[in-house]
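Undergrad: Got a structure for you, written out below as structure tokens; questions coming shortly.
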Amino acid sequence: MAEKRTMTLNLTESEMEVLEKLATQKDLSKTVVLRQALRLYDLVNVRLAEGETLFFEDKQKQNKSELLVL
């Protein structure tokens, strides 16, 4: 297993509420939610750098919207 390092993370009240909501919805710890978020952000960043586009599709409404990541 990879060596782990510790950090302190200060979140606003609203950021913590989102983190707690996601952890509860997914039945995961807040640490696991943050780790998954980092992996997802890294994947999105790599794919965008390769020229791919990220979008959401609503098949019922038959529309697509591109997600812009800065």
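Undergrad: Out of curiosity, is Lys21 of a type in the set (D, E, K, R), without any contact (Cβ under 8 Å) to a residue 60 or more places away in the chain and either in contact with a Lys or Arg (Cβ under 9 Å, 6 or more places away or on another chain) or surrounded by 11 or more Cβ atoms within 10 Å (Cβ to Cβ) (or both)?
TA: Against the criterion (of a type in the set (D, E, K, R), without any contact (Cβ under 8 Å) to a residue 60 or more places away in the chain and either in contact with a Lys or Arg (Cβ under 9 Å, 6 or more places away or on another chain) or surrounded by 11 or more Cβ atoms within 10 Å (Cβ to Cβ) (or both)), Lys21 qualifies.
Undergrad: I'd like the full set of residues that are surrounded by 11 or more Cβ atoms within 10 Å (Cβ to Cβ) and within 10 Å of the chain's Cα centre (by Cα), limited to segment 29-70.
TA: Result: Val33, Leu34, Arg35, Gln36, Ala37, Tyr41, Val44.
Undergrad: How many of the residues in segment 3-18 are surrounded by 13 or more Cβ atoms within 10 Å (Cβ to Cβ) and acidic (Asp, Glu)?
TA: 0
FYI, it's all coordinate maths here, none of it is from the lab. This is a predicted model, so every value here is computed, not measured. Cβ coordinates were reconstructed from backbone atoms using ideal geometry, including for glycine residues, and neighbour counts include every protein chain displayed.
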